[in-house]
Amino acid sequence: MSSDRVLVVDDEPQLRRVMRTALVANGYEAYEARTGEEALAALRENNLDLVLLDMNMPGMGGMAACRAIRAQSDVPILVLSVRDSEKDKIAALDAGADDYITKPFSVNELLARIRANLR
């Protein structure tokens, strides 16, 4: 049985490292991307099962990346963002996200939401 493959898309190296460590420790294969463009490339090159997507990134932002990912894949997209307004959450969900988690979040909550979206 193979592990679920999760792509972490965030421009902050420390956050990517922490999330990668947590994912691997819980049996997931973790991939990383720093930008929306890198996320699209990773999606094309790997058979991913889920995407964790930050909204605030340089270049192609999270909203545009979410729309682009959704246009080519039905992979679950969990948005991770410091933006906590209802308007931002609705915009991300309307752009194709399956879930929205506000930073800061606990690793246990993130893992539970990953499990729920992979079911």
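Descriptive notes on the structure:
- When the residues of the range 1-34 are filtered to those that are in a loop (DSSP other than H, G, I, E, B) and among the acidic types (Asp, Glu), the one that is nearest to residue 101 (Cα to Cα) is 10.
- Filter result for residue 111 (of a type outside the set (Asp, Glu), crowded, with 17+ Cβ neighbours inside 10 Å and in contact (Cβ under 8 Å) with a residue 60 or more places away in the chain): no
- Consider the range 73-88 and keep the residues that are of a type outside the set (Ser, Thr, Tyr) and buried (at least 17 other Cβ atoms within 10 Å of the Cβ). The one that is farthest from residue 24 (Cα to Cα) is 88.
- Number of residues in the range 65-101 that are of a type outside the set (A, V, I, L, M, F, W, C), touching a residue at least 24 places away in the same chain (Cβ under 8 Å) and either under 20 Å from residue 114 (Cβ atoms) or part of a helix (DSSP H, G or I) (or both) equals 8.
- Taking the conditions (1) more than 25 Å from residue 90 (Cα to Cα); (2) open to solvent by less than 30 Å² (accessible area, probe 1.4 Å) in turn, residue 8 satisfies each one other than (1).
- Filtered by the rule that a residue be open to solvent by 40 Å² or more (accessible area, probe 1.4 Å), on the phi < 0 side of the Ramachandran plot and not aromatic (Phe, Trp, Tyr), the range 16-41 gives 17, 18, 20, 21, 24, 25, 26, 29, 32, 34, 37, 38.
- Yes/no for residue 62 being open to solvent by less than 70 Å² (accessible area, probe 1.4 Å) and on the phi > 0 side of the Ramachandran plot: no
- Of residues in the range 42-57 being part of a loop (DSSP other than H, G, I, E, B) and in contact with a Gly (Cβ under 9 Å, 6 or more places away or on another chain), the one most open to solvent (accessible area, probe 1.4 Å): 56
The values are calculated or read from the model by the stated rules, or taken from the named source; none is laboratory data. Since this is a predicted model, take the numbers as computed values, not measurements. Here the Cβ is made from the backbone with ideal geometry for all residues, glycine too, and neighbour counts use every protein chain on show. Remember, those area values only see protein heavy atoms, side chains included, never the ligands or the DNA or RNA. Shrake-Rupley method; radii C 1.70, N 1.55, O 1.52, S 1.80 Å.
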